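The block underneath contains the structure these notes are about, expressed in structure tokens.
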Amino acid sequence: MKKLKISIYSRKSIEKLLKKDFPKNAVVISFYDPPGKFRDAEYRPVDYTAKTNCVFQIALYDIDLAVLPKYHLTYETYLPEADDLAEFIFNAKREGKDIICQCEYGESRSSGCAAAIHEYFYKDGIKIFADYRYYPNQMVYHKVYDALEKYGVENNVIRESGE
């Protein structure tokens, strides 16, 4: 089976790509800031409708474990879409699609998600943690990785690594 091509983009870089050669064989995981005091009223998620309808959009704060209570969240309530996201990722892989992970700055939420996908399927997620351009969000990484693991077990998926 073809190895997944997983790319990480910021809002700015993906908006540029949307104006020209957006990849034909790609699905998108798009993280955006939830509405609230940190965003103005005009802020919207990236609009992919002109190029693809295969988008999984998630409103998610880019925060870490220590500040969850300030947002009235717990580890369990952070990223409740994780199981659905895992299914989306598995479907993309099954269909031979490339995966674009995008967030506001292309550094934290998207890289945490991309690292989890790399780690689950290829055991090389560390390369994203080691890349100085990224600061993978640890909670996104763990929530996505655990959801992929759960989906794989529940659906008897055998990984390319033989597990």
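Scanning the stretch 42-78 for residues that are among the basic types (Lys, Arg) and within 20 Å of the chain's Cα centre (by Cα), which turns out nearest to Phe88 (Cα to Cα)? Checked the stretch 42-78; the qualifying residue nearest to Phe88 (Cα to Cα) is Lys51.
Matching residues to (1) in a loop (DSSP other than H, G, I, E, B); (2) open to solvent by 60 Å² or more (accessible area, probe 1.4 Å):
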{"site": "Gly36", "(1), (2)": "yes, no"}
{"site": "Glu42", "(1), (2)": "yes, yes"}
{"site": "Tyr48", "(1), (2)": "yes, no"}
{"site": "Asp62", "(1), (2)": "yes, yes"}
{"site": "Thr74", "(1), (2)": "yes, yes"}
{"site": "Leu79", "(1), (2)": "yes, no"}
{"site": "Leu85", "(1), (2)": "no, no"}
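State whether one or more residues within the stretch 121-129 are within 30 Å of Pro35 (Cβ to Cβ), crowded, with 18+ Cβ neighbours inside 10 Å, touching a helix residue (DSSP H, G or I) at 6+ places or on another chain (Cβ under 7 Å) and touching a residue at least 24 places away in the same chain (Cβ under 8 Å). Yes, there is a match, as at least one residue in the stretch 121-129 is within 30 Å of Pro35 (Cβ to Cβ), crowded, with 18+ Cβ neighbours inside 10 Å, touching a helix residue (DSSP H, G or I) at 6+ places or on another chain (Cβ under 7 Å) and touching a residue at least 24 places away in the same chain (Cβ under 8 Å).
Annotation note: Cβ proximity below 6 Å between a residue of the stretch 140-155 that is without any contact (Cβ under 8 Å) to a residue 60 or more places away in the chain and a residue that is in a helix (DSSP H, G or I) and of a type in the set (A, V, I, L, M) (sequence gap 6+ or interchain) occurs for Tyr141/Ala115; Tyr141/Ala116; Tyr145/Ala116.
The values are calculated or read from the model by the stated rules, or taken from the named source; none is laboratory data. On a predicted model such as this, the values are computed, not experimentally measured, just so you know. When we count neighbours, we look across all protein chains shown, and the Cβ atoms used for this are built from the backbone with ideal geometry, even at glycine. Please note that ligands, DNA and RNA were not included when accessible areas were found on the heavy atoms of the full protein model with its side chains. Shrake-Rupley method; radii C 1.70, N 1.55, O 1.52, S 1.80 Å.
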